[in-house]
Amino acid sequence: MQLPPETAWLVPLLLVGVLLSVIVALVVLHFVRQLAEPDELQSRVESLEDEVETLRESQSETEENEESQPNSD
């Protein structure tokens, strides 16, 4: 099938349009999936909060131990 020269530029334009549409659809799908799974983010936040609490307790214990030991200077 031969297209007239006046409309031959439409084929690459349509191919680029379809390609861009597919890319945009994949990006949107990626972000929608991330928004649909807040449980994973919530569990990460809780895990980090637990780790911060553990580190704070460890730091306070270390400070208490340093205060209770007399300086030997």
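Bear in mind that the values in this text are calculations on the coordinates, not laboratory data. Because the structure is predicted, anything quoted here is derived from the model rather than measured. Positions of Cβ are backbone-derived with ideal geometry, glycine not excepted, and every protein chain shown enters the neighbour counts.
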(request) Round to the nearest 10 and give me the degree value, 0 to 90, for the angle of helix 10-36's Cα axis relative to the longest principal axis of the chain. (result) 30 degrees
(message) So if each residue of separation counts as 0.36 nm, and I subtract the Cα-Cα distance between V32 and S68, what length gain in nm does that give?
(response) 7.5 nm
(request) Go from 0 up to the bin containing the longest alpha carbon distance in the range 1-70, width 5 Å each, and give me the % of pairs per bin. (result) 3, 12, 8, 9, 8, 7, 7, 6, 6, 6, 5, 5, 4, 3, 3, 2, 2, 1, 1
(message) How charged is the neighbourhood of E63? Take every other residue with its Cβ under 13 Å from the Cβ of E63, and add Lys/Arg as +1 and Asp/Glu as -1.
(response) -4
(message) Just to confirm a number: summing +1 for Lys and Arg and -1 for Asp and Glu over residues other than E40 whose beta-carbon lies under 13 angstrom from that of E40, what do you get?
(response) -1
(message) I'd like the FRET efficiency for L48 and V22, computed as 1/(1 + (r/R0)^6) with the beta carbon distance as r and R0 of 30 Å, rounded to 0.05.
(response) 0.25
